[in-house]
Amino acid sequence: MPERTVTIASRTGLHARPAKLFVQAAQAQGVPVRIRVGDGRPAPATSMLAVLALGAVQGTEVTLTADDGPGAEAALDSLAALLARDLDAEQASGA
Amino acid sequence: MTSAEGARTAGTERAPAAGTLRGLGVSPGRAAGRVCRMAGPPRLPARLPVADAAREAALALRALEEVAADLAARAGRTSDAEAGAILEAQSFMAADPGLRETVEENLAAGMDAGHAVDAACDHHRRALLEAGGYFAERAADLDDIRNRAVAAVLGLPVPGIPDPGHPFVLVAEDLAPADTVNLDPATVLALVTEKGGPTSHTAILARSRGLPAVVACRGALEIGEGSWVSVDGTAGEVGTGLGEQDAEEILRRAAGERRRLAASTGPGRTADGHGVELLLNIGSAADLGSGVDAEGVGLFRTEFLFLGRKDAPGFEEQVAAYEAVLRAVPGGKVVVRTLDAGTDKPLPFLGLPEEPNPALGVRGLRVGRLRQEVLDVQLDAVAEAARASGVRPWVMAPMVTTAGEAADFAARARARGITRVGAMIEVPAAALRADHLLRELDFLSIGTNDLSQYAFAADRQHGELADLLDPWQAGLLRLVAECARAGRAAGKPVGVCGEAAADPLLATVLTGLGVTSLSMSAPSLAPVRERLARTSLARCEANARIALDADDPAVARKAVAEETAAGHAA
C-alpha cells in the first residue's frame, strides 16, 4: 500500500486555513486518502473534523496512505507536498 | 393582572392587550418595532422507536445540508471579513463527510434523526476536545451546528440572532458575546432580555452601539413573536399591545429626540448654570474617537493594557499607552485609574493564589499587598507619561477601603511627582469614611457598580439579584450623599463613574446630592447633558430628596420623572 510520511510545516499545524486547504485538496483527488499520526487510527483526509481531531501541530509527522491503484501515487505526492509547505506564511505574505 | 400576564395574553391573542413589562433600563433611548425572539438551543425529546428508517435518514441528512447552506449564505452576506471566515469554516464543518458518515452509522443503529445528529456531533466534539489546545476550541462550532441541525430536524426556529428581513426588537433570555458577532445595528432596533443586570454583556453591548435596552425584564420571553412593542431604555419599560402606527409614531419621535440631543453641546450645566463636569469612561486612546463632546476623561481603565498577557507590560510600553491618552484629550483632564485586577478580571502574570471568594479577596489596590512592584512600575510610567506630555493627570486607585490605604497610595504617587491623587469609592466602609479619606486625597470617584455589589451583598453577575443592583436604591444613594457631603466640606471634587452616571434622570439626583462630575460611555453623554440643561439645581436637589426618601427604586424613578417633567412644563 503506497504511503508518504511528512512533517507538518504550517505554523498553526493542521488547523484553521492549512487544515481547510488540505481537506479541500484531498476532496479533489480521485482516490480516497487516509491520514494518521504515528501508529494511530487512520482518518479520512476528506473530513475536516477527523483531520482536526488528529491534533497535528507544526513538526508532527503524519503518514498519508491510499489503496493501490491508478492515481494513488500522484495523489499522495501532491498532498504530501502541500503539508510540507508553511501555508500560514504563504497567507501572511499574500501568496 | 400582573404585567407578565399581560404579556402572555399578548402572545396568544390576535388583538393583544396593552400592557407594560418592567425591567432595568440599561441603555437610554426609545424605539418600537416587531418582536423577534432569539431561540435558545433546542431540547431533544426522549428517543422514539423508528417506524420509517428512510424518512429519518432523509430528515437528518437534509438538516445537515440546510445548516451548511445557511451558514454559507450568512458568510456571503456579512461585510465583516473575520466573521465571514468563521461562518465559512463552520459551514465546511456542517458539510463534513466524516460527520455525515457518523450520522449514517447512528441511523443504521436505529436512532431517530434528532438523536443521530446529536450523537454524531457529540462524538466529533469529544474527539476535538481530546486533541486539546486550539483544536479543542473548535468544539463550540460543533455545538452550534448541533443546535442548528437538531432544530431543523424538529422544525424549531433556528437558534441565534434571527433574520426576519425587517427591522426588529430582539428579545432573548440573555445575550452572550458569541451571539452578537452578527448583530446588525441597521436591523436591530432595541434589545430586551429576560435575564442580565446593569453590567451584563447585553447592557455593555447596547450602550456601545447606542441601542435602547431593557434587561432583567420578567415576562419578556412570553411576548408574542412578531407583535409590536415599544422599548424605553431610560425608564426600563417595554410596552405591549401596540399597532404598527403607534410604533411608527414612537420611532418618529425618537428620531426627533436624537436630533434634539445632537444639538446639545458644550460643558455640563443645569438650567440655572450650575456646572457638572461631563466626562468619558475609556479603556485606551482608541475609545476617544473623533468628535466626542466631553470635558475630559473621568475614568481611564488601564487594565485593558494588562489583560490576556503572560507578562506584565514593561515600563516603556506603559508610558507610550498613557502618554497617547494624555495627549489625545483636549484640555488634558484625564483621571487615570491604576490597575484593577482580581475577580472578573484575572491576570495570569500576577500569579495570585486562587481564592474561594475573589470578589472579597485581593483585588484593586490590594494587589499591592502581594505584588507592590507591579503598582509601583505603573505609577512610575504614569509619572513619566505626565512629564513627557506636559499634562498633569489625576490618578486614583481602585478598591481603597481605609484612610490608611489612601495615605499609603497618596504617598507613593506624590513621591513620583503626581499632584492630584484620589480614590475610587467602591467599598461601603470607604464611603462612610469619605471625610477621612479626603484628608489624604485630592478627589474621590464613586464606582456605583461595585459599591452596589458590596453594599447590597449582591453579586454583579447574578441575574436573579438585578433589582438589588438598581442604582436608584436609596441605600446606595445615601452612600453617594455621604461622599458628596465630605467633598463639599473639604472643597474637593467628588465624581461618579459607574453606570448610574449614564442615566439622565438619575444624573439630576446625583447632581442634587452634590456630585461634581459624571463619567460615562460616549453614547450616554448627550442625553445626560440635555436633561441637566433642562433641570434647575433646586429641582435636582428636590429630586435627590425624593430618591433618598423612597423605599422602592421604581417608585423613586417614577416620582422623580413626574416631578421633573412637571418642572419642564412649568
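The values are calculated or read from the model by the stated rules, or taken from the named source; none is laboratory data. From a predicted model like this one, the values you see are computed outputs, not experimental measurements. Positions of Cβ are backbone-derived with ideal geometry, glycine not excepted, and every protein chain shown enters the neighbour counts. These accessible areas exclude ligands, DNA and RNA; they are computed on the full protein's heavy atoms, side chains included. Shrake-Rupley method; radii C 1.70, N 1.55, O 1.52, S 1.80 Å.
Laid out as a table, the results:
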quantity	calculated
Expected-Rg normalisation [2.2 N^0.38 Å, Cα atoms] applied to segment A:1-52	1.09
Span per principal axis, largest first, for the Cα atoms of chain B (Å)	82, 58, 40
Relative counts (whole %) of C-alpha pair distances in the protein assembly as shown, using bins that are 20 Å wide	16, 41, 32, 10, 0
Distance cut-off 16 Å, percentage of C-alpha pairs in segment B:53-154 lying past it	54
Förster radius 45 Å - calculated FRET efficiency between B:Lys492 and B:Glu173 (Cβ-Cβ, nearest 0.05)	0.50
5 angstrom amide H check on A:Ala45, placed H, neighbours 5+ away	A:Val33, A:Arg34, A:Ile35
Structure-based [θ]222 nm, chain A - -39500 (n - 2.57) summed over DSSP H runs of at least 4, per residue, nearest 500	-11000 deg cm²/dmol
For segment B:360-519: span of alpha carbons on each principal axis (Å, largest first)	43, 33, 27
Residues with amide H under 5 Å from that of A:Ala56, placed H, sequence gap 5 or more	A:Leu14
Difference of contour (0.36 nm per residue) and Cα-Cα distance, B:Ala359 to B:Arg387	6.6 nm
Ordering of A:46-56, B:379-389 by burial proxy (mean other Cβ atoms within 10 Å per residue, highest first)	A:46-56, B:379-389
Inter-label distance, nm, simple model (7 Å from Cα along the C-beta direction), B:Asp552/B:Arg47	5.3
Proximal charge balance of A:Pro42 [Cβ under 11 Å; K/R count +1, D/E count -1]	+1
Leading residue at positive end of dipole, segment B:277-536 (Cβ point charges), from B:Leu432, B:Asn357, B:Leu451	B:Leu432
Net charge of Cβ neighbours under 11 Å - reference B:Arg47; Lys, Arg +1; Asp, Glu -1	-2
Residue-averaged beta-carbon neighbours from other chains (10 angstrom radius) around B:540-547	0
Residues listed by number, segment A:31-69, amide nitrogen under 11 Å from A:Ala84 label point at 7 Å toward C-beta	none
Which of B:Ser27, B:Ser264 is most accessible, then next, and so on - probe 1.4 Å	B:Ser264, B:Ser27
Computed [θ] at 222 nm, helices only, for chain B once each DSSP H run of length n ≥ 4 contributes -39500 (n - 2.57)	-15000 deg cm²/dmol
Shielding score for A:9-15, defined as the mean number of other chain Cβ atoms within 10 Å	2
Shielding score for B:128-137, defined as the mean number of other chain Cβ atoms within 10 Å	4
Segment A:33-89 versus segment B:348-375: alpha-carbon centroid distance in Å	47
